[in-house]
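Worksheet: one structure, shown below.
The values are calculated or read from the model by the stated rules, or taken from the named source; none is laboratory data. Please read these numbers as outputs of a predicted model, since none were measured by experiment. Reconstructed Cβ throughout: ideal geometry from the backbone, glycine too, with neighbour counts over all protein chains shown. Please note that ligands, DNA and RNA were not included when accessible areas were found on the heavy atoms of the full protein model with its side chains. Shrake-Rupley method; radii C 1.70, N 1.55, O 1.52, S 1.80 Å.
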Amino acid sequence: MATTQNEPTRRAVLVCPACDASLTAPLRAVPDPRLFAPPPAIRRQGLRATQGFWRRAEPGELSQGLPTHPFPVSIHPHDLLVHQVVTSSPGCCGVFSEDGSANLHCRCGAPVGVLIDECVFDLEVRLGALWRVGGDDEVRVDELADDRVRRSLDRWSRVRFAGPPVSLDTSWDWTASEVPTSREVEHLELHLIAGDDGVAVHAVVDGRAIALPLAPIDLLRAIALERLPVGNEGLALRYDLLMSLRENRVVSSWGLLRRGKDVELVESPASTTYPTGFDIYELAGMPLAEARAIGVVIGRETESRGWRFSEAALLRAWSAAIAACEPERLPASE
């Protein structure tokens, strides 16, 4: 029988209080508060939680302007077991809870948490604090030395990372779409590139260069934990990258998706432009879905492209990219 614990000391899964079914992958307590977006989080530019971890709200803490109890634990949406949960309370662009009551339910029908994925709110998942220590042995979560994570955050927190060009939206879906052109990668490189706007991530996949638009908090997490955010098979997390202020065109979206034991880097170039007659900064301040809605589509998106590689290969490439950079030589935060 699962018991309520304030501070689980090992990897644990959150479970349904009614049927005891696991609701999440194995999680551990966040080793440093800098791994969470500082309040107030930048809307739609950085998930509140860090994949693979959980965080308990402080006493009296508000979320979306509402009390966090009775769902005080924040997790990353990719840590949900999608087959075990269902949502309610749809909004205009996603799911939300107007008063903080449960809109996330176990398949048995029991209320288990709050999911916010709405265009005008921060993206988050909050659950109750009923734990089962241990979890599924087949789901691997790296054991991280807290001191190593803190040392990395100390070194990299003062680096200025490139902010999203004009706008960056995140979205996640219940079912990740298949990518028909996915193929095995022969050569994968990752690089941390310093430019006028700060440090950003670029991939080179079989000779093709791809910009990976990570929000600053996500990039800091990826460096400190030495792993890029990789989703599960049931959820797709997408970032949309816009070009410069002069052109304001959506040029690509990308995501790292898990396909069983493999990982896919998925790129989907877009062809959405925005009409003249609108102030560019007004458009930049809108949710991407809203800006697209008033825009002009000048043709269908080209076919998605995907590249498949092992998670070990991704980890090696990312570790090499971090090791090749010295924070002391990179642009410092203002």
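Scanning residues 5 or more positions from TRP54 or on other chains, those with amide H under 5 Å from its amide H are ARG28, ALA29, VAL30, with H placed 1.01 Å from N in the peptide plane.
Would you list ARG126, ARG48 from the most to the least accessible area, probe 1.4 Å? Write down the numbers at each step before the final one.
Values: ARG126 5, ARG48 55 Å².
Result of the area sort, largest leading: ARG48, ARG126.
Residues whose amide H falls under 5 Å from that of GLU124, counting only those 5 or more places apart or on a different chain, are ILE116, with hydrogens built in the peptide plane.
What FRET efficiency comes out for the pair HIS187/ARG10, r = Cβ-Cβ distance, R0 = 45 Å, nearest 0.05? Display every interim value, and only then the final one.
Values: r = 38 Å, r/R0 = 0.85.
The value I calculate is 0.70.
What the phi angles of segment 189-204 give under the Karplus curve with 6.51, -1.76 and 1.60, with θ = phi - 60°, is a coupling list of 10, 10, 9, 8, 10, 9, x, 4, 8, x, 8, 9, 10, 10, 10, 10 Hz, glycine and proline written as x. Neighbours of ALA320 by Cβ distance under 11 Å: Lys/Arg scored +1, Asp/Glu scored -1, total -1.
How do HIS191, HIS78, HIS69, HIS105 stack up against each other in accessible area, from largest to smallest, with a 1.4 angstrom probe? Intermediate values should be presented prior to the final figure.
Details: HIS191 70, HIS78 10, HIS69 135, HIS105 45 Å².
Listed by decreasing accessible area, they come as HIS69, HIS191, HIS105, HIS78.
Heavy atoms of the protein chains alone define the surface here; on that basis segment 43-117 has 42 Å² accessible area per residue at 1.4 Å probe size.
Of the residues CYS19, CYS92, the one with the largest accessible area comes first in the ranking CYS92, CYS19, computed with a 1.4 Å probe on protein heavy atoms.
Taking 0.36 nm per residue of sequence separation and subtracting the Cα-Cα distance, how much length would be gained by fully extending the chain between GLU311 and ARG151, in nm to one decimal?
Values: separation 160, 0.36 × 160 = 57.60 nm, distance 2.46 nm.
Full extension of this stretch gives 55.1 nm more.
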